[in-house]
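Engineer: Next up is a structure, given as structure tokens.
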Amino acid sequence: LKREAALAASSAAFEAAEEALLAAVAVDIPATMVKERARAQYAERCRQAEAAALDGDAASREELRSLMTWDAFSAFLASEEAAISRSLALSFAIEAVSSAEGLAVDEQAVTDNLFLYVNECKRNERPVPDMDDPAFRESFEAQYVREAVLRLVVDHAQVEWLP
């Protein structure tokens, strides 16, 4: 129980596990895949700006107009390319470990954690996600698998203590 609390309270162990995975597995991410992920993220950003512009003032509409240029997307891609590449490489590495170790998604555990997450959102007055939304559920399951793999890596890590 103390170990679980320590892992939950500190992301340093997971960050170290992520870096170890990325260092151990060289994943070459095609530029087209990075651009496609960037397009999806940028489209969501534009959708949110559009929703704000519909109900907002002239500044919101001007912000939306500024987002609707190739230069704005290019700037977004340049600033986010490294993070997107890292995220994709980490996803592939996590999937490889998950497959190699035979980790399977425990649907009941995911559902239980999903209910806990929704209740926490309600308690903290945050927007409550739609539990029946397939995209949200898939994202939540992916996070569950990520944490399971990173716990496995942390459990089997060889630690070198520095003075």
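Engineer: Which shape class, rounded, prolate or oblate, goes with the stretch 18-147 when its Cα gyration tensor gives a ≥ b ≥ c as root eigenvalues, a/c under 1.5 marks rounded, and past that a/b bigger than b/c marks prolate? Before the final figure, lay out each step's value.
Structural biologist: Numbers: a/c = 3.04, a/b = 1.24, b/c = 2.46.
Because a/c hits 1.5 or more and a/b fails to exceed b/c, the stretch 18-147 counts as oblate.
Engineer: Under 1.5 on a/c is rounded, so check that first for the stretch 96-163, then, if it is not, pick prolate when a/b is larger than b/c and oblate when it is not; a ≥ b ≥ c are the square roots of the alpha carbon gyration tensor eigenvalues.
Structural biologist: Note, shape of the stretch 96-163 comes out oblate.
Engineer: May I ask you to compute the full-extension gain from His156 to Ser11, defined as 0.36 nm times their residue separation minus their alpha-carbon distance, rounded to one decimal in nm?
Structural biologist: Details: separation 145, 0.36 × 145 = 52.20 nm, distance 1.70 nm.
Gain in length upon complete extension: 50.5 nm.
Engineer: Something else: For the chain, what is the mean residue ellipticity at 222 nm derived from helices alone (per DSSP H run of n ≥ 4: -39500 (n - 2.57); sum divided by total residues; nearest 500 deg cm²/dmol)?
Structural biologist: Helices in the chain give a 222 nm mean residue ellipticity of -26500 deg cm²/dmol.
Engineer: Ratio of alpha-carbon Rg to the 2.2 N^0.38 Å globular estimate for the stretch 73-114, to two decimals, please.
Structural biologist: Scaled against compact globular proteins, the figure is 1.70.
Engineer: Using a Förster distance of 45 Å, how high is the FRET efficiency between Ala96 and Asp57, based on the Cβ-Cβ distance and rounded to 0.05?
Structural biologist: Given R0 = 45 Å and the Cβ-Cβ separation, E is 0.40.
Engineer: Can I ask one more? Expressed as a whole percentage, what fraction of the accessible surface of the chain belongs to carbon and sulfur atoms when a 1.4 Å probe is rolled over the protein heavy atoms?
Structural biologist: C and S atoms contribute 55 percent here.
Engineer: Further question on the same structure: What are the principal axis extents of the Cα atoms in the stretch 10-75, in Å, biggest first?
Structural biologist: Result for the stretch 10-75: principal-axis Cα extents of 50, 32, 15 Å.
Engineer: Mind checking the dipole of the chain: about its Cα centre, +1 per Lys or Arg Cβ, -1 per Asp or Glu Cβ, Debye to the nearest 20?
Structural biologist: The dipole magnitude comes to about 200 debye.
Engineer: Report the label-to-label distance for Asp106 and Glu50 in nanometres (one decimal), using points 7 Å from each Cα along the Cα→Cβ vector.
Structural biologist: The two pseudo-label positions are separated by 4.2 nm.
Engineer: Quick one: work out Rg over Rh on the C-alpha atoms of the stretch 38-77, Rh as Kirkwood radius.
Structural biologist: That ratio equals 0.98.
The values are calculated or read from the model by the stated rules, or taken from the named source; none is laboratory data. This one's a predicted model, so the numbers in the text were calculated from it and none came from an experiment. A quick note on method: Cβ atoms are made from the backbone with ideal geometry, for glycine too, and the neighbour counts reach across all protein chains shown. In case anyone asks, the SASA skips ligands and DNA or RNA and just uses the protein heavy atoms, side chains included. Shrake-Rupley method; radii C 1.70, N 1.55, O 1.52, S 1.80 Å.
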